[in-house]
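Below is one structure, written out as structure tokens, with a few remarks after it.
Just so you know, all these numbers are worked out from the coordinates, no wet-lab data involved. Worth saying up front: this structure is predicted, and the values here are computed from it rather than measured. When we count neighbours, we look across all protein chains shown, and the Cβ atoms used for this are built from the backbone with ideal geometry, even at glycine.
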Amino acid sequence: MAVKEASPVRSSARERLLAAANELFYNEGVHTVGIDRIIEQAGVAKASLYNTFGSKDELVRAYLETRYASVTQRITQAVERYDTPRERLLAVFEGQGELFAQPGYRGCAFARASAESHPGDLAEQAAEGYRRWVRALLTRQLHLLYDGSGTSARMDHDPAAAAAARAAAATLLDAALARGTATQTS
């Protein structure tokens, strides 16, 4: 008796649209890529895009939300590897470095989408949600290091930028801790 091979599970139209959007929007830009390219790459009908997302703007928002979930998960996993507050804070840069080392890293998807968006549109709103998360995670000085390392990793093609930012963050933290200790002993 012949064993019937299981057919591969086909992902949903939503998953295929998001995968196509992730690749195309990230590599080429949210306004450069038209919906016809997305539906062609996803292998779905145009009606599937509109039934699932309603508009290209909603697809862009969903793409950025997917990126947000991926970035925050990677950073959170890096942080959870450590116990002390200092090391947990510095782990943010380690998680960022893991992102930079991925093949095809092209910079911050949120900065790229925001640069192409108009004030108040869905892409800008999604990018602002990500920025709120980063601002809540880090002090302003460390946030600037985080942003700068992202720009350096992209523009200089330097995945080691996160390690340099981590070292600078450690210096800032150690100086702040030393000031705090000196103030307490005075």
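Summary of values
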read-out	value
Helix-only CD estimate at 222 nm, as mean residue ellipticity for the chain, using -39500 (n - 2.57) per DSSP H run (n ≥ 4)	-24000 deg cm²/dmol
Axial C-alpha extent at least 30 Å, average Kyte-Doolittle at least 0.5 - helices from the chain (DSSP)	161-185
Exposed-site-free run, longest, the chain (rule: GluC sites (Glu not before Pro); DSSP loop; at most 15 other C-beta within 10 Å)	81-186
Dipole axis of region 13-185 (+1 Lys, Arg; -1 Asp, Glu on Cβ), positive-most option in Gln41, Gly129, Tyr82	Tyr82
Cα centroid separation, region 25-88 to region 108-148 (Å)	14 Å
